[in-house]
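Trainee: To start, I am sharing the structure in question, which I have written as structure tokens.
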Amino acid sequence: MAREETFYDVIRRQGISRRSFLKFCSLTAASMGLGPAFADKIANAMEVKPRIPVLWLHGLECTCCSESFIRSAHPLVKDVVLSMLSLDYDDTIMAAAGHQAEAILDEIREKYRGKYIAAIEGNPPLNNDGMYCIVGGRPFVEQLKEVCNDAAAVIAWGSCASWGCVQAAKPNPTNAVPIDKVISGKPIIKVPGCPPIAEVMTGVVSYILTFDRMPELDRQGRPAMYYGQRIHDKCYRRPHFDAGQFVEAWDDENARRGYCLYKVGCKGPTTYNACSTVRWNDGVSFPIASGHGCIGCSEDGFWDKGPFYQRLSGIPQIGIESTADQIGGTLATAAGVAVAAHAGASAVKRLRMKSAETAAERERV
């Protein structure tokens, strides 16, 4: 039997150097929050393990997840990532169409039953027997159930597949639902965002390929290595928030100074994602760095939690609930209390020393 092609076989055929390959492995390890030693493990996995067959389905969506995925900023990721996977079916970018495309889908399902990954972009509408989204002449929900039923694992790309996104926003006339409302009995990795960060998407796939298991997930089914902290926690504007320095109106003087965008609607304090660490555009920027607050696109139901430019009424601050109006005053009060306490302690100390001196003088007399 012929040996199955590995990721490394593919990139060598494409003329990519060993040095560039190892650099890719190092960057991939770093993007997943792993130490330098894990770069060797990633390299070994990609050299010896067969590529993972992937069936990428599209339901109700705008294709922004695919657009993000294929535009990963680092050249190696952009040029190679589709070779790391055996992307056998993706009706958006594949050359085949019609019956030929559907035949490929059936062939891979049968040949790699229980071994392939089902990558789902978009969600199924359930009203009118699913007729609001037709693929191959039948409702998408039927294709979704068939493909996921034989998969080893399911990846929900983006907020559409993970939460429902704009399609499921009120009043939701098509009854669009996230895929976990239809698929059961299979592990589902949710990678939300509208769209998700490209390096997060490739990092999830790299982790599965390297360690032969799913990454650790949080209670909502998201990879903890990317969704374990709020954007607010690592935001470079956080010191301005703590100091009570806020943009009060768009393009005001405080905006020009780069102050915190919380008061003009930034949802960073309640949004869990890697935007403030991984960022976009090869790590150059993300919405907050461009002067626009986070809209919380990776959170469940974010379309119904607007308006986007109205600030949150309360957020966790140093273990308590505080609003932005209270931050500056609280910090100033705390500083005042500290100064007063220090002054009081100094006064007490002086009184004690004076009393001791007086007592000593009396004893001498």
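The values are calculated or read from the model by the stated rules, or taken from the named source; none is laboratory data. Only a predicted model underlies this, so the values are computations on that prediction, with no experimental measurement involved. Don't worry about glycine lacking a Cβ; one is built from the backbone with ideal geometry, like all the others, and counts go over all protein chains shown.
Residues are listed down the side, and each one gets a yes or a no for (1) of a type in the set (Gly, Ala, Ser); (2) modelled with pLDDT under 80:
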| site | (1), (2) |
| --- | --- |
| GLY33 | yes, yes |
| ALA43 | yes, no |
| MET46 | no, yes |
| LYS49 | no, yes |
| CYS64 | no, no |
| PRO75 | no, yes |
| LEU85 | no, yes |
| ASP90 | no, no |
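Trainee: From the list PRO215, PRO196, PRO192, which one is surrounded by fewer than 23 Cβ atoms within 10 Å (Cβ to Cβ), within 26 Å of ASP150 (Cβ to Cβ) and touching a residue at least 12 places away in the same chain (Cβ under 8 Å)?
Mentor: PRO215 is the lone residue from the list that is surrounded by fewer than 23 Cβ atoms within 10 Å (Cβ to Cβ), within 26 Å of ASP150 (Cβ to Cβ) and touching a residue at least 12 places away in the same chain (Cβ under 8 Å).
Trainee: Please specify each residue of the range 180-216 satisfying the condition of being modelled with pLDDT of 95 or more and within 22 Å of ALA45 (Cα to Cα).
Mentor: Correct list: ILE189 only.
Trainee: I'd like the full set of residues that are polar (S, T, N, Q), over 18 Å from the mean Cα position of the chain (by Cα) and in a helix (DSSP H, G or I), limited to the range 176-215.
Mentor: Scanning the range 176-215 gives a single hit, THR210.
Trainee: All but one of (1) surrounded by fewer than 24 Cβ atoms within 10 Å (Cβ to Cβ); (2) modelled with pLDDT of 95 or more; (3) of a type outside the set (Lys, Arg) hold for MET225; which doesn't?
Mentor: (2)
Trainee: Sticking with this structure for a sec: Are any of the residues in the range 18-30 outside the structural domain of VAL278 (by TED's automatic domain parsing) and assigned to a loop (DSSP other than H, G, I, E, B)?
Mentor: So far as the range 18-30 goes, no, none of its residues is outside the structural domain of VAL278 (by TED's automatic domain parsing) and assigned to a loop (DSSP other than H, G, I, E, B).
Trainee: State whether the residues of the range 95-114 include one that is under 29 Å from ALA274 (Cα atoms), modelled with pLDDT of 80 or more and surrounded by 14 or more Cβ atoms within 10 Å (Cβ to Cβ).
Mentor: No: zero hits.
Trainee: Within the range 155-177, take every residue that is buried (at least 22 other Cβ atoms within 10 Å of the Cβ) and of a type in the set (A, V, I, L, M) and give me the one that is farthest from PRO195 (Cα to Cα).
Mentor: The extreme case among them is ALA176.
Trainee: Also, quick follow-up: Taking into account only those residues within the range 252-284 that are in a strand (DSSP E or B) and modelled with pLDDT of 90 or more, which is surrounded by the most Cβ atoms within 10 Å (Cβ to Cβ)?
Mentor: Filtering the range 252-284 for residues that are in a strand (DSSP E or B) and modelled with pLDDT of 90 or more, the one surrounded by the most Cβ atoms within 10 Å (Cβ to Cβ) comes out as CYS260.
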